[in-house]
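What follows is one structure encoded as structure tokens, with my remarks underneath.
Just so you know, all these numbers are worked out from the coordinates, no wet-lab data involved. Remember, predicted model here, so these are calculated numbers, not experimental data. With ideal geometry, Cβ positions are generated from the backbone for all residues, glycine too; neighbour counts draw on all protein chains shown.
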Amino acid sequence: MGEERPESPATGDSVRFTGLWDAYAGRVFAYASRHVDHHAAQEVVSETFLVAWRRLSDVPEPALPWLLVVARNTVANHRRTDRRRDALADKMGRLEQLAVSAPGADITVADRGEVLAVLAALTPTEREALLLTAWDGLNATEAARVVGCSVPAMHVRLFRARRRLRAGTPTESATPAPLRVVPEPRSVR
């Protein structure tokens, strides 16, 4: 009750549609194959003839140009769908990269405290060598020029500093020097 059943097609409609299919399905497929891959071309043919079935009374004679217009529109719809899907996949990929879980604030603060403690435990020359290369992005030759020492001496300082950082333990001979925290400069507009 309440459900409507589509009317059964008239015998003449079935015969006409079958005739359209027999006469033009191959040509519509050939047209679609020139524009999309084999699988999508089959879908285009199916959708084209579905439209033809639904609008059978609107299909003119000769039917081929009308069917090819429907196929052309169907190909355009497939391309738009593909572009939207690709754009959505790109957007989701970018969101996924942005939404990578980051450590909580408490972990970041604890890590920062540990790094500052280890940096404070380095000798001033090792700390300066490490900060010039790691923080300021200089290579060993440039850092040696800034500090005023030889390049081999800079390599030794960096080796010792990195070794102590990996170990996470302060040197026995070095007395921790207080770190000076310099506020980050603000941009001027």
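Extending 7 Å from the Cα toward the beta-carbon at both ARG84 and HIS39 defines two label points whose distance is 2.0 nm. Compared with the direct C-alpha span, the chain from LEU68 to SER14 gains 17.4 nm at full extension, assuming 0.36 nm per residue.
Here segment 125-147 is scanned for amide nitrogen atoms under 15 Å from the site 7 Å beyond the Cα of HIS155 along Cα-to-Cβ, giving 139-145.
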